[in-house]
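Working notes for the structure below.
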Amino acid sequence: MIKHIVMWKLKEVAEGKTRVENAGIMKELLEVLPQKIEELSSAEVGINILEGEDDAICDVVLTTQCETEEDLNAYAVHPDHQKVVDFIKKVVTERRVVDYKL
């Protein structure tokens, strides 16, 4: 089993929406991906609730699971995932990723 975790900081305003609105859109787009991508076992999205100016605080976190590294690679290039990536790239300022085996 492979765990894939991504954290993002969002722009204050992007694509005509606020940071909070775009976080909600990201959550909606990401959480439906397991229904569209067979190789993706699960996807959970959290929106940060902490206030403050700490550089360590991210706005959105994604935690996914895939059975194998091959499944993770298939998910990464899947057209439905790429559509979501295209939106996310427009609204974020930073991205951090960790992939590990369970």
Next item on the list: Mind listing just one residue for me: the one in region 13-56 that is of a type in the set (Asp, Glu), more than 18 Å from ILE88 (Cα to Cα) and open to solvent by 100 Å² or more (accessible area, probe 1.4 Å) and, of those, modelled with the lowest pLDDT?
Entry: GLU53
Margin query: Out of everything in region 7-18 that is in contact (Cβ under 8 Å) with a residue 60 or more places away in the chain and over 12 Å from the mean Cα position of the chain (by Cα), what residue ends up being farthest from GLU53 (Cα to Cα)?
Written below: GLU15
Next item on the list: Output yes when any residue across region 64-78 is on the phi < 0 side of the Ramachandran plot, exposed (fewer than 12 other Cβ atoms within 10 Å of the Cβ) and either over 15 Å from the mean Cα position of the chain (by Cα) or not in a helix (DSSP H, G or I) (or both), and no when none is.
Entry: yes
Check: Pairs under 7 Å by beta carbon, first residue closer than 10 Å to LYS9 by Cα and in contact (Cβ under 8 Å) with a residue 12 or more places away in the chain in region 52-63, partner open to solvent by less than 50 Å² (accessible area, probe 1.4 Å) and of a type in the set (Lys, Arg), six or more apart or different chains?
Finding: CYS58/LYS9; ASP59/LYS9
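The values are calculated or read from the model by the stated rules, or taken from the named source; none is laboratory data. None of the values given here were measured: they were computed from a predicted structure. With ideal geometry, Cβ positions are generated from the backbone for all residues, glycine too; neighbour counts draw on all protein chains shown. Calculation scope for accessible area: heavy atoms of the full protein, side chains included, ligands and nucleic acids excluded. Shrake-Rupley method; radii C 1.70, N 1.55, O 1.52, S 1.80 Å.
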